[in-house]
1. Give the carbon-plus-sulfur fraction of the accessible surface of the chain in %, rounded to a whole number; probe 1.4 Å, heavy atoms of protein chains only.
2. Can you give me the Rg/Rh ratio for the chain, using Cα atoms for both radii and the Kirkwood formula for Rh?
3. With the crude spin-label approximation of a point 7 Å out along Cα→Cβ, what separation in nm comes out for residue 14 versus residue 50?
4. Looking only at region 1-19, which residues have a backbone nitrogen under 12 Å from a spot 7 Å from the Cα of residue 25 in the C-beta direction?
5. Given contacts defined as C-alpha pairs under 8 Å and at least six residues apart, what's the relative contact order of the chain, whole-number percent?
6. How big is the charge dipole of the chain about its Cα centre, in debye rounded to the nearest 20, if each Lys and Arg gets +1 on its Cβ and each Asp and Glu gets -1 on its Cβ?
7. Check the chain and count each lysine pair with an alpha-carbon distance under 25 angstrom, considering only pairs eight or more places apart or from different chains.
8. What number comes out for accessible area per residue over the chain if the probe is 1.4 Å? Units Å², please.
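The values are calculated or read from the model by the stated rules, or taken from the named source; none is laboratory data. The shown structure was predicted, so the numbers you read here are calculated from the model rather than taken from an experiment. Positions of Cβ are backbone-derived with ideal geometry, glycine not excepted, and every protein chain shown enters the neighbour counts. Heads up: the accessible areas ignore ligands, DNA and RNA and are worked out on the full protein's heavy atoms, side chains in. Shrake-Rupley method; radii C 1.70, N 1.55, O 1.52, S 1.80 Å.
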Amino acid sequence: MSASEKAKAGIEQVAGKVVRKAAHAMGKETLAAKGAALEARGRARHLKEKGKDTLP
């Protein structure tokens, strides 16, 4: 996994979690859903890059 892609995945996960939690606290469910989607995209990116490491 390249370091820059790993960093992007981590940033997306953290940013998504922050947005989701802040939106829930303010009662903005639409924004919370967007934050959850961003977090999921970061997790997917991480898994994709992790899978590249196992290829021959």
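1. On the chain, the fraction of accessible area on carbon and sulfur atoms equals 63 percent.
2. My calculation puts Rg/Rh at 1.14.
3. Distance between the two pseudo-spin positions: 1.8 nm.
4. Backbone N within reach: 18-19.
5. In percent, rounded to a whole number, it is 46.
6. 60
7. 19
8. Per residue, the chain has 71 Å² of solvent-accessible surface.
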